[in-house]
Every structure is written in structure tokens, then in C-alpha cells.
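Enquirer: What follows is a single structure, and I will ask about it in a moment.
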Amino acid sequence: MKLTKFIKRSLFLLSFFMFIGFNTVSACEIEVDVVSGQKDVYKEGDIVVLHVKVEFTHRVCPVAIEKTKYDSKGIKIMQGTPWKETSPGIWERKLKVKIEKTKNGKLFLSVTRDCEKDGGFGEITLHA
């Protein structure tokens, strides 16, 4: 009798953690970091190099890495390196950006991937 209760409880916990695990790995993980030109406060005209890393946590994505979208405020993308798969499912590139004038001093660059597996989102915020 006690063994049956133990098995039911174990199966419930196993199912619960599997459900949590499947939900947390459904989207791409996107990171954006400053590689060169790091400052506490940026001014108009500053040049900064950003590193963008996309990890396909769901392994295979039906959307090409080149379909990654960028949105920015106060940051102009000047050029970027080609995407490079540094290990299976991990893509990286660098972006050379120029700081532009903003009214409120907040600068951001967001990186978005849209696909049927929830896509992904990453953002970096800088201060002017």
C-alpha cells in the first residue's frame, strides 16, 4: 500500500518536472554584451562593438539565423560580422554600432527571433 503511494507521488513529481523542463527550453536564448567601448555613460558619436549570441535551445529552428531582427533607439548598426555557429545550436556575431543623440538618454538594442517554437528575445540598455 505504501509502495503504491510512493510510486504515484514519484510519477507526479517526475511529470511535473518534465513539464517545467519542456516549457523552459522552448525559446531561443539571446544575449547581447559590450565587447569594446564599454562606458558608464555614452555620448553621441561613440563607437561600440556588441557581441550577440543566440542559442537554439530547441535544437533545430525552421527559421534561418539571418532572419534575426534588430530594433534600436539611439543606436545605429554600422556593420556586423557574418553569423558563425561556434558549437551546435549556438550562433554568434559582432555588431559595430554608433551612439546617436536621444532625448531621454536611454539607448537600447533588442534582438528578436520569431518562429513557431516561441522565438526568442534579448536586449541591451546603455545610458547617454
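Enquirer: Where the only charges are on Cβ atoms (+1 Lys, Arg; -1 Asp, Glu), what is the dipole of the range 27-127 about its Cα centre, to the nearest 20 debye?
Expert: Once rounded to the nearest 20, the dipole reads 420 debye.
Enquirer: Before anything else, pin down the relative contact order of the range 27-127: Cα pairs under 8 Å, at least 6 apart, normalised by residue count, whole percent.
Expert: For the range 27-127, the relative contact order is 36 percent.
Enquirer: Would you please put 77-84, 46-53 in order of how densely packed they are, using the mean number of other Cβ atoms within 10 angstrom per residue and starting with the highest?
Expert: Descending mean neighbour count gives 46-53, 77-84.
Enquirer: May I ask you to derive the FRET efficiency for LYS43 and ILE90 from their Cβ-Cβ distance with R0 = 41 Å, giving the value to the nearest 0.05?
Expert: That gives a FRET efficiency of 0.75.
Enquirer: Between Rg and the Kirkwood Rh of the range 27-127, both from Cα atoms, what is the Rg to Rh ratio?
Expert: Answer for the range 27-127: 0.99.
Enquirer: Quick one: net charge of GLU66's neighbours, Cβ under 14 Å, K/R +1, D/E -1?
Expert: +2
Enquirer: Under a point spin-label approximation (7 Å from Cα along Cα-to-Cβ), what is the THR57-THR81 distance to one decimal in nm?
Expert: Each label point lies 7 Å from its Cα, and together they span 2.5 nm.
Enquirer: My understanding is that a pair violates if its Cα-Cα distance is over 18 Å; which of LYS69/LYS96; LYS67/LYS98; LYS69/LYS101; LYS43/LYS106; LYS39/LYS101; LYS73/LYS117 do that in this structure?
Expert: Pairs exceeding 18 Å: LYS67/LYS98; LYS69/LYS101; LYS73/LYS117.
Enquirer: State the volume of the convex hull built on the alpha-carbon positions of the range 51-110, expressed per residue in Å³ and rounded to an integer.
Expert: Expressed per residue, the convex hull around the Cα atoms of the range 51-110 is 86 Å³.
Bear in mind that the values in this text are calculations on the coordinates, not laboratory data. Computed from a predicted structure; not experimentally measured. Backbone-built Cβ (ideal geometry, glycine too); neighbour counts: all protein chains shown.
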